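Notes follow the structure.
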Amino acid sequence: MVPFTILTAPACPLGLENVDTDQLIPARFMQTPRAQGYGGFLLHDLRRTESGSMRVEFVLNDPRYAAAAVMIARNNFGCGSSREAAVYVLADAGFRCVLAPGFGDIFTSNAIQNGLLPARVAACDIESLLHDPSVLAGAPITIDLMEQSVSSGDKTFAFDLRADFRQRLLNGWDTVDMTRSYAKDIEAFLVRDLAARPWRDPVR
Amino acid sequence: MGANPQTIIDKLWDAHVIATRDDGDCLLWVDRHFVHEGSHHGFGQVRERSAMIARPDLTFGTADHYVATRRGAIQDQDCVRMVRQLTQNCAEHGIVCFGDGDPSQGIAHVVAPELGLTLPGLLIVCGDSHTSTHGALGAYAFGIGASEVAHVLMTQCVWQSRPRRMRVRIDGTTGPGVGAKDIAMALIAKYGTGYAQGCAIEYTGAVVRALSVEGRLTLCNLSIESGSRLGLVAPDDKTIAYLRRAPYAPQGEAFARAAQDWLALASDDDAHFDHEISLDAAEIAPIVTWGVSPEQAAPIDSHVPDPARLSDPAKAEAWRDALEYMGLQAGQKISDIRIDRAFIGSCTNSRIEDLRAAAAILKDRKSRVPGLVSPGSRLVQQQAEGEGLDRIFIAAGFEWGGPGCSMCVGMNGDVVPAGERCASTTNRNFKGRQGKGSRTHLMSPSMVAAAAVAGRLCDVRELMRESV
């Protein structure tokens, strides 16, 4: 995983609340192998008309945000289904960060696994960003993970992220390798746990 | 007890901690891992690393998301391929799989409890957000994404940080026509879809104790719709009775020892919770959703709410957008909303008690709209057929299908056509959830049955009075 340090890029002012993972990627696309790329499925049914053409009025289709790597949304972004494909669509479309007052818990874990920063920004600061003329014009904003800050022009806001998630993004750690380094602890756990919970394994 | 009283959430957490990192993240042991067709991304990551499955004996496959659930339906070849891929992935790695045609096949969250694969005190994961369901038996169960699925397959462990603990207390007595689904939906309507973000929930109180295990499975299932990955109920005598003689549960003396341990998992008196909320059962009426988020719900005997009365402009805009998508007018009576079809099924409401509740309303009545019933598992299907429930549904004009996720998520091709309105026992009324352009109204099984009979959303209590 590529470590995340500082990102400077335009932001897409999506501004929607309760963006569920069914909106981020409708279920019918989820049989697709990842190698084919998921970027084209991002917010598919909001982004397109019945006939499949792009809705020009939808913010994601605005040419000012064509190079956006940050998404700005209202509360409860990524709620619903656990589908990691909801992160793949964002990552494959070039997004590295989502700013919102709150996120679905599973979406947050999935984002971290894929190097996408789910930054919790106070609702009033999100409103300020969504109404910031410079953001709306497609000017870049800066996300600093070390400082846990978002800056647009001369305005700077703090964001929240669990310490362990922050570490993992900064380091770009591979969790499987990390877990394997705990092999001895796992062995010891299994021995003492069997004494405490002799009923833990399936009987068949 | 003693000096340091603990919640059930702490007890389950502590029992699974292998190691703790400086930043507070803990490596936890996974007792059961359920995989389904959608787990292909996880298996793909294992293959890319040429890795082995750490504990195939603790991993179980169920074909649910893509299996055909309507008889005689022409099966989409991509769906057939998805189901076959699961069977192949399991066979390749020595994982027991309840695949298409297996006598135990069904929805993971229905099958695992009924087989005793779910037990109190276990930590359970599955690449599906409704894994919270298993908490009903006192398990620590949560949904994970594909990378975590791959991680569990390769290590049988998962990294987590300790959640905040929330106690949701439901006291009082429920009125007629009010069940577990209404309770869960009323909580989300009152507190919002994000109220339990970052928390693990223990449901408690007289109403929860009075619920059957099946009702608790419905309640815990919808925890994810409140923002929490995990909701549970402390094991009690009902839990023990439910699991006795389940094929994968401990047997004989081993069961007696286990049952003792399970009952000791209950939260200690004076244990500290970070958040406490409550709901008085007397406040709860049969409830339906009118919008595109589970929190957009109202009692059946009320009206579609008016966005104009909201002070928050962003929320008002979300409501207006929901009403437009749903084709509804603010102020119209909810019981005037006509429906085009009905669906009874999903991991939320497809167990035998759910089918009995719906059949009790449909008996000697006719549905005015096409309807589909998808029992949650082959075992539920068999039991329902043994009780003659299938004949009641068919006589009422419903289609009696097979087990799977079916029309809840539409992955298997069973979709609600664009623009149509479906009364549904499922868990999500998101835009397009049941198929592109579909309009979903969530409610309990008996309320779906009542809506089918009336051809519009309908207060089941009216039909219950008629039946008496």
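Table for the structure above
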read-out	value
The range A:167-192, residues that are in contact with a strand residue (DSSP E or B) (Cβ under 7 Å, 6 or more places away or on another chain) and more than 7 Å from chain B (Cβ to nearest Cβ)	A:LEU169
Selection within the range B:267-305 - of a type in the set (Ser, Thr, Tyr), surrounded by fewer than 16 Cβ atoms within 10 Å (Cβ to Cβ) and not in a strand (DSSP E or B)	B:SER302
Tally, over the range B:53-94, of residues that are assigned to a loop (DSSP other than H, G, I, E, B) and away from chain A (no Cβ under 12 Å)	13
So A:THR49, is it among the polar types (S, T, N, Q), under 24 Å from B:ASP414 (Cα atoms) and over 14 Å from the mean Cα position of the chain (by Cα)	yes
Residue tally, condition more than 17 Å from A:ASP20 (Cβ to Cβ) and among the basic types (Lys, Arg), over the range B:417-464	3
Positions within the range B:199-222 being away from chain A (no Cβ under 14 Å) and outside any helix (DSSP H, G or I), in sequence order	B:GLU202, B:TYR203, B:THR204, B:GLY205, B:LEU211, B:SER212
Single unsatisfied condition, B:TRP262 versus (1) open to solvent by 20 Å² or more (accessible area, probe 1.4 Å); (2) within 12 Å of chain A (Cβ to nearest Cβ); (3) modelled with pLDDT of 95 or more	(1)
Among residues of the range B:355-394, those that are charged (D, E, K, R) and part of a loop (DSSP other than H, G, I, E, B), counted	6
Residue match in the range B:324-344 (condition: out of contact with any Pro (no Cβ under 7 Å at 6 or more places or on another chain), open to solvent by less than 10 Å² (accessible area, probe 1.4 Å), hydrophobic (A, V, I, L, M, F, W, C) and under 30 Å from B:ARG164 (Cβ atoms))	no
Filter result (within 12 Å of another protein chain (Cβ to nearest Cβ), exposed (fewer than 15 other Cβ atoms within 10 Å of the Cβ) and without any contact (Cβ under 8 Å) to a residue 40 or more places away in the chain) within the range A:125-166	A:HIS131, A:ALA163
Matching residues, the range B:145-173, being part of a strand (DSSP E or B), within 11 Å of chain A (Cβ to nearest Cβ) and either open to solvent by less than 10 Å² (accessible area, probe 1.4 Å) or under 17 Å from A:ALA183 (Cα atoms) (or both)	B:CYS157, B:VAL158, B:TRP159
Pick from the range A:69-91, criterion under 20 Å from A:HIS131 (Cβ atoms) and more than 7 Å from chain B (Cβ to nearest Cβ), ranking: surrounded by the most Cβ atoms within 10 Å (Cβ to Cβ)	A:PHE77
Number of positions in the range B:442-468 that are over 16 Å from the mean Cα position of the chain (by Cα), in contact (Cβ under 8 Å) with a residue 24 or more places away in the chain and outside any loop (DSSP other than H, G, I, E, B)	15
Residue in the range B:387-403 that is closer than 29 Å to B:LEU323 by Cα and either assigned by TED's automatic domain parsing to the domain that holds B:GLY437 or open to solvent by 60 Å² or more (accessible area, probe 1.4 Å) (or both) present	yes
Qualifying residue in the range A:53-68 (condition: within 12 Å of another protein chain (Cβ to nearest Cβ) and either assigned to a strand (DSSP E or B) or free of Cβ contacts under 8 Å to residues at least 12 places away in the same chain (or both))	no
Selection count, the range A:113-124, where residues are open to solvent by less than 40 Å² (accessible area, probe 1.4 Å), among the small types (Gly, Ala, Ser) and assigned to a loop (DSSP other than H, G, I, E, B)	1
Selected residue (criterion: farthest from A:GLY104 (Cα to Cα)) from residues of the range B:237-255 that are assigned to a loop (DSSP other than H, G, I, E, B), open to solvent by 30 Å² or more (accessible area, probe 1.4 Å) and not basic (Lys, Arg)	B:GLN251
Single match in B:ALA258, B:ALA189, B:ALA196 (criterion: in a loop (DSSP other than H, G, I, E, B) and not acidic (Asp, Glu))	B:ALA196
Among (1) modelled with pLDDT of 95 or more; (2) buried (at least 16 other Cβ atoms within 10 Å of the Cβ) - the single one A:ARG192 does not satisfy	(2)
Residues located in the range B:306-316, provided they are more than 13 Å from B:GLN296 (Cα to Cα) and assigned to a helix (DSSP H, G or I)	B:ALA308, B:ARG309, B:PRO313, B:ALA314
Some residue of the range B:423-431 being in contact with a Lys or Arg (Cβ under 7 Å, 6 or more places away or on another chain) and charged (D, E, K, R)	no
Test result for B:ALA418, open to solvent by 10 Å² or more (accessible area, probe 1.4 Å) and of a type in the set (A, V, I, L, M, F, W, C)	yes
Residues located in the range A:92-107, provided they are surrounded by fewer than 24 Cβ atoms within 10 Å (Cβ to Cβ) and either part of a helix (DSSP H, G or I) or of a type in the set (Phe, Trp, Tyr) (or both)	A:ASP92, A:PHE95
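Let's see how each residue does on (1) over 23 Å from A:ASP193 (Cβ atoms); (2) touching a helix residue (DSSP H, G or I) at 6+ places or on another chain (Cβ under 9 Å); (3) free of Cβ contacts under 8 Å to residues at least 60 places away in the same chain:
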{"position": "B:GLN6", "(1), (2), (3)": "no, yes, no"}
{"position": "B:TRP13", "(1), (2), (3)": "no, no, no"}
{"position": "B:ARG21", "(1), (2), (3)": "no, yes, yes"}
{"position": "B:TRP29", "(1), (2), (3)": "no, yes, no"}
{"position": "B:HIS40", "(1), (2), (3)": "yes, yes, yes"}
{"position": "B:ALA54", "(1), (2), (3)": "no, yes, no"}
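Every residue, every condition in (1) within 20 Å of A:ALA67 (Cα to Cα); (2) surrounded by 15 or more Cβ atoms within 10 Å (Cβ to Cβ), yes or no:
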residue: A:VAL2; (1), (2): yes, no
residue: A:LEU7; (1), (2): yes, yes
residue: A:ALA11; (1), (2): yes, yes
residue: A:GLY15; (1), (2): yes, yes
residue: A:GLN23; (1), (2): no, yes
residue: A:MET30; (1), (2): no, yes
residue: A:LEU42; (1), (2): yes, yes
residue: A:LEU46; (1), (2): yes, yes
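Per-residue answers, yes or no, for (1) out of contact with any Gly (no Cβ under 9 Å at 6 or more places or on another chain); (2) at positive phi; (3) open to solvent by less than 30 Å² (accessible area, probe 1.4 Å); (4) at pLDDT below 95:
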position: B:THR348; (1), (2), (3), (4): yes, no, yes, no
position: B:ARG351; (1), (2), (3), (4): no, no, yes, no
position: B:VAL369; (1), (2), (3), (4): no, no, yes, no
position: B:VAL373; (1), (2), (3), (4): no, no, yes, no
position: B:LEU379; (1), (2), (3), (4): no, no, no, no
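Each row is one residue, and each column tells you yes or no for (1) more than 23 Å from A:ALA188 (Cβ to Cβ); (2) surrounded by 15 or more Cβ atoms within 10 Å (Cβ to Cβ); (3) modelled with pLDDT under 95.
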position	(1), (2), (3)
B:ASP22	no, no, yes
B:ASP25	no, yes, yes
B:GLU37	yes, yes, no
B:VAL46	yes, yes, no
B:ARG84	yes, yes, no
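The values are calculated or read from the model by the stated rules, or taken from the named source; none is laboratory data. Just so it is clear, the structure is predicted and the values come from calculations on it, not from any experiment. A quick note on method: Cβ atoms are made from the backbone with ideal geometry, for glycine too, and the neighbour counts reach across all protein chains shown. Just so you know, the surface numbers come from the protein's heavy atoms only, side chains and all, with ligands and any DNA or RNA stripped out. Shrake-Rupley method; radii C 1.70, N 1.55, O 1.52, S 1.80 Å.
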